[in-house]
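*Asks:* Structure provided below as structure tokens; questions to follow.
Every read-out reported here was derived from the displayed coordinates using simple, explicitly stated rules and does not represent laboratory data. Bear in mind that the values here come from a model prediction, so they are computed numbers and not experimental data. So basically every Cβ, Gly included, is an ideal-geometry build from the backbone, and we count neighbours across all protein chains shown.
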Amino acid sequence: MPVCQQRLIPQQLLRGVSMGVGVPSISASLRPMQTEIPTVIQLTYDKKGPFHIRGPNWRSLLKLMAMMGSTRIEPSTETIANATKDIRLRVVVSFVKVHSTSPEWNTVLYMSMDRPVKSDTPNAQRYRNGDTTMLPWSYTLTAPPAVLRDGADAAMSKFYTVPNTPGNLYPTLPISMPDLATYLATALDVSRNGAHEGIPGLRRLSKLIDSIYPLDQIELDDEKRGMRQKLKSFVGLGSKPSRSRNDQTYDLVTPFVPDEFGR
């Protein structure tokens, strides 16, 4: 990552953060990130497992990703060479309790490339219908991370597989980190406000975040009230801002930080 942009990231957003392939360390510690933020994250179909990003909570993790304008996620060169169609990203959101007696939970995002479900796969329909309690089919080809093996609603860990929904389809690779942050913010909005017919467990993401991180929702509500007040001051008291939900999501999640090209 260019040094000039790395300096723009508030240090508190880098505390308690780790990235890589393999088993993430779950901890309440807020030590500064021990490695450099990569500019390119390459995904492969090998058996090393999904790439993960761990943070102390959902909101701070998305804020960090929104500021990583020079980082992108892409398929490996070999994968691109053998691809016959668009390669899409799958994301599993995991919440892991740092200790059985602690109220704190880490948020871990697992990222992998989508793989078509074979027709003879047992329960194949559950992998295709967007069931948020089912890991992507590719996770059956190798041992999934340990924290995901106890199911979607275990005592010490929960996970939510982000489904393919109208207006928020699986992202096409490559994708920048800010775009991925926006995709995940939209996934939360869909979980909270979208049509839920036909997608098992779609509401689970919003319910999990609201129950695990209740203070984040209070902070978000305060920010929204502050934004509304600023808009009222700008356009005149009593007038209603005519902004789309996407615009509000962008303002709340994506900082106005230029990327390496000054955009």
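*Asks:* Just grab the label-to-label distance for residue 36 and residue 203, each label 7 Å out from Cα along the Cβ direction, in nm (one decimal).
*Replies:* 4.7
*Asks:* Still on this structure: Net charge around residue 105, counting only other residues with Cβ within less than 10 Å of its Cβ (Lys, Arg = +1; Asp, Glu = -1)? Let's see the in-between values first.
*Replies:* On the way: positive: 97, 158; negative: 104.
Its environment carries a net charge of +1.
*Asks:* Another one. Between residue 85 and residue 23, what is the FRET efficiency for a Förster distance of 35 Å, r being their Cβ-Cβ separation, to the nearest 0.05?
*Replies:* Working: r = 32 Å, r/R0 = 0.91.
Given R0 = 35 Å and the Cβ-Cβ separation, E is 0.65.
*Asks:* Using 24 Å as the Cα-Cα cut-off, could you pick out the over-long pairs in 63/207; 63/158; 63/97; 85/158? The partial results should precede the final answer.
*Replies:* Details: 63/207 20 Å; 63/158 21 Å; 63/97 21 Å; 85/158 32 Å.
Over 24 Å apart, Cα to Cα: 85/158.
*Asks:* Extending each Cα 7 Å along its Cβ direction at residue 154 and residue 119, get the distance between those two points in nm, one decimal.
*Replies:* Going by the 7 Å Cα→Cβ label model, 3.5 nm.
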